[in-house]
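Enquirer: Quick one: this structure, given as structure tokens, is what I'll be asking you about.
Read-outs: derived from the displayed coordinates by stated rules, not from any lab. Keep in mind that what you see is a predicted model, and the values were worked out from it rather than measured. Note that each Cβ is placed from the backbone with ideal geometry, even for glycine, and that neighbours are counted across all protein chains shown.
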Amino acid sequence: MYESVLGFKKPILGLDIGYKTLKVMQLRGDGPGSSLLGVAEIQIPPRSLGKEGIKEKEAIAKAITNAMLSAKPHSITAKIVSSALPESLVFTKSVDLPTMTPQEINKNIPYQAGEFFPIPPSETYMDWQVVGELPGTNTTDVLVVAAPKIIIDSFAETIKMAGLELMSLETKPVADVRALISGSDRGPYLILDLGAKTSSLTCYDQGTVKLTSTISIGGDDLTNDFQPNLKNMVTEIIHFAKYYQNRIGQATIFHKIILAGGGANTNGLRKTLEDATRIKTEITWPIIKTKTYNPKYATVIGLAMKRI
């Protein structure tokens with residue numbers, strides 16, 4: 001569907017729609033050897049994105065087109081879109097199931113979804129992946145992600161209005177991992193992606209995303225009132241790490257906290273967070289070839305790296 005008659009893959013447009021801005025990016029090449037073709041970030045109308053998805057569809061569609069045209073160093077020509085949903089708009093749950101075949105898991109998850117998601121399965125799109133066996137048990141750990149159909153449909157409609165085609169819609173933590181961690185690197189790490197209004201916290205271990213959570217503190221909160229908001233964020237991070245350790249029954253030592261998102265640039269954040277958590281904290285450069293890097297582009301890099 002997305003390949004030419006000669007078998008060459010069509011270029012992918014990474015699209016990251018946030019609460020204040022949207023970012024677009026196109027790369028040359030595939031994987032770690034790829035390099036930047038064009039990137040842009042532009043402001044969008046306030047409250048364009050909310051719990052019901054994209055409200056101002058025409059305005060956002062126009063903003064996408066303008067961003068593609070104004071991208072530097074070259075304008076963006078790709079028509080196939082890889083995009084992401086903010087973690088605050090999706091429901092994520094780690095589910096313990098008795099050891100069973102993949103086929104049995106596929107049949108089992110939809111029936112159980114009503115027990116752990118606040119909206120009916122008929123009103124959601126769901127996806128899930130097996131993340132491993134819990135040590136010392138006959139239990140399979142499955143990460144389930146669900147998003148309201150109204151949100152997914154709003155993204156698809158807006159992208160279509162821009163004359164583009166939505167190929168992939170995933171969560172930001174998945175895109176962050178693709179951008180910042182080599183496929184051969186098994187972790188364990190914590191990834192803290194600080195958006196303007198909220199932040200996502202991801203546990204990456206044994207080569208995959210194991211657990212995610214949303215923190216209701218973003219870069220704006222840290223800028224306005226640093227110390228109390230950072231203290232609350234540290235509490236959330238420590239609780240998250242202990243929850244994962246208890247879940248797998250092991251005292252996992254996280255090698256580092258990887259910062260991403262625009263809020264990662266907050267003055268004093270890296271050092272203060274490292275001192276408070278006693279976990280090495282850094283802004284990790286992406287795995288693509290680039291001369292400069294701003295962590296606010298982590299997600300859109302990962303989206304642009306997406307392949308069929």
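Enquirer: Suppose we filter the range 66-121 for residues that are among the hydroxyl-bearing types (Ser, Thr, Tyr) and part of a helix (DSSP H, G or I); how many remain?
Expert: 3
Enquirer: Also, I was wondering about something else. Which residue is farthest from Asp30 (Cα to Cα), if the candidates are limited to the range 268-308 and must be assigned to a helix (DSSP H, G or I) and of a type in the set (Asp, Glu)?
Expert: Restricting to residues being assigned to a helix (DSSP H, G or I) and of a type in the set (Asp, Glu), the top hit is Asp275.
Enquirer: Give the range 180-203 a look and list any residue that's crowded, with 24+ Cβ neighbours inside 10 Å, out of contact with any Asp or Glu (no Cβ under 9 Å at 6 or more places or on another chain) and closer than 15 Å to Glu282 by Cβ, or say none.
Expert: The answer is Leu180, Leu190, Leu192, Leu194.
Enquirer: Being assigned to a helix (DSSP H, G or I) and in contact with a Phe, Trp or Tyr (Cβ under 9 Å, 6 or more places away or on another chain) is the filter here, so list the residues in the range 198-243 that pass it.
Expert: Of everything in the range 198-243, just one residue is assigned to a helix (DSSP H, G or I) and in contact with a Phe, Trp or Tyr (Cβ under 9 Å, 6 or more places away or on another chain), namely Ala241.
Enquirer: Exactly one of these conditions fails for Ile253: (1) surrounded by 16 or more Cβ atoms within 10 Å (Cβ to Cβ); (2) of a type in the set (A, V, I, L, M); (3) over 18 Å from Ile17 (Cα atoms). Give me its number.
Expert: Condition (1) is where Ile253 drops out.
Enquirer: Does the range 48-58 include one or more residues that are in contact with an Asp or Glu (Cβ under 6 Å, 6 or more places away or on another chain) and either more than 23 Å from Met167 (Cβ to Cβ) or part of a loop (DSSP other than H, G, I, E, B) (or both)?
Expert: yes
Enquirer: Anything in the range 270-292 that is surrounded by 15 or more Cβ atoms within 10 Å (Cβ to Cβ) and under 20 Å from Pro73 (Cα atoms)? List them, or say none.
Expert: Pro286, Ile287, Ile288, Thr290
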